[in-house]
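The values are calculated or read from the model by the stated rules, or taken from the named source; none is laboratory data. The shown structure was predicted, so the numbers you read here are calculated from the model rather than taken from an experiment. Every residue, glycine among them, receives a Cβ derived from its backbone with ideal geometry; neighbour counts consider all protein chains shown. The protein model used for the area step is the full one, side chains on, heavy atoms only, and it has no ligands, DNA or RNA in it. Shrake-Rupley method; radii C 1.70, N 1.55, O 1.52, S 1.80 Å.
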Amino acid sequence: MLKIGLTGGIGSGKSTAAALFAQRGACVIDADLIARELVTPGSPALKALVKAFGSQILLPDGRLDRSQLRQRIFSDPEAKRILEAILHPLIFAEMQRRAELCQTPYCILVIPLLVESKAQNQVDRVLVVDCPQALQIERVKQRDRIPEEQILNILASQATRQQRLNAADEVILNAGTLTELEKQVEELHRFYARLSSGCDCPRPL
Ligand code: ADP
């Protein structure tokens, strides 16, 4: 199974691009969704988190209090390291398991923090969705209705545009219309389908 790691900064258009690949029949596996599924009440992952951080990370109904945990790791790098050491191996194992079940020529693994977590070895190719930072800010403001300061904090905690581009095998420049995005996805879809059949084909420009 050819595994394409799709990544990009917040608001770059990862989810939109992933949906366009899915429309073309690609199997799409999302790290964020798996991360949520892994920490349901009673799960081994949630038990490990409670052991590491205490039961104060739980809501009264026993579910994980995400905003509390997010705040905690935001101000404490060691807590962030521990959280990632618990969750990342479980997330990657589950992604690989699901990838092997896919019946499609290639699959898209959406991994927002692929570069930050040095997870390039989890995939065969890295596809970066790229756009200027000002556009990321605009899109996230529109989508999430959160203050610009909060968006800037998130951007500062992520890899830079250049770091991501350095890790890329392919790049989608999502700075134009949705039609332009779709055209690039279509070209890459054909390219990945050909690659998966063993073709040593040139990359789309
Ligand atoms: P990400 O998953 O990388 O955070 P999204 O795919 O959710 O980003 O895109 C962020 C927002 O920008 C969404 O509301 C999406 O509909 C919008 N968007 C993405 N690409 C484009 C585009 N090319 N033109 C217009 N809006 C876009």
Of all residues making up the range 139-183, the number that are free of Cβ contacts under 8 Å to residues at least 40 places away in the same chain and farther than 18 Å from Glu116 by Cβ: 14
Inspect the range 66-78 for any residue being open to solvent by less than 40 Å² (accessible area, probe 1.4 Å) and in contact (Cβ under 8 Å) with a residue 24 or more places away in the chain and give the result as yes or no. no
Consider the range 11-31. How many of its residues are within 10 Å of the ligand (Cβ to nearest atom) and over 19 Å from Cys131 (Cβ atoms)? 1
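Quick check on this structure: which one of Leu33, Leu20, Leu38 is under 28 Å from Lys183 (Cβ atoms) and out of contact with any strand residue (DSSP E or B) (no Cβ under 9 Å at 6 or more places or on another chain)?
The unique qualifying residue is Leu20.
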Would you check if Leu87 is outside any helix (DSSP H, G or I), at pLDDT 95 or above, within 30 Å of Lys51 (Cβ to Cβ) and open to solvent by less than 60 Å² (accessible area, probe 1.4 Å)? no
Scanning the range 32-60 residue by residue, those closer than 17 Å to Glu84 by Cβ and within 16 Å of the ligand (Cβ to nearest atom) turn out to be Asp32, Ile34, Ala35, Arg36
Has the range 98-115 got at least one residue that is within 18 Å of the chain's Cα centre (by Cα) and surrounded by fewer than 13 Cβ atoms within 10 Å (Cβ to Cβ)? no
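May I ask you to say which residue of Ile146, Ile154, Ile137 is surrounded by 15 or more Cβ atoms within 10 Å (Cβ to Cβ) and at pLDDT below 95?
On the way: Ile146 fails: surrounded by 15 or more Cβ atoms within 10 Å (Cβ to Cβ); Ile137 fails: at pLDDT below 95.
Going through Ile146, Ile154, Ile137 in turn, the sole match is Ile154.
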Name the pairs: first residue in the range 1-20 and closer than 24 Å to Asn153 by Cα, second residue at pLDDT 95 or above and among the small types (Gly, Ala, Ser), Cβ to Cβ under 7 Å, at least 6 apart or on different chains? Leu6/Ala17; Leu6/Ala18; Lys14/Gly8
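For the range 127-167, give me each residue that is under 14 Å from the mean Cα position of the chain (by Cα) and either more than 14 Å from the ligand (Cβ to nearest atom) or assigned to a helix (DSSP H, G or I) (or both).
Once the filter is applied, which keeps residues that are under 14 Å from the mean Cα position of the chain (by Cα) and either more than 14 Å from the ligand (Cβ to nearest atom) or assigned to a helix (DSSP H, G or I) (or both), the range 127-167 yields only Arg164.
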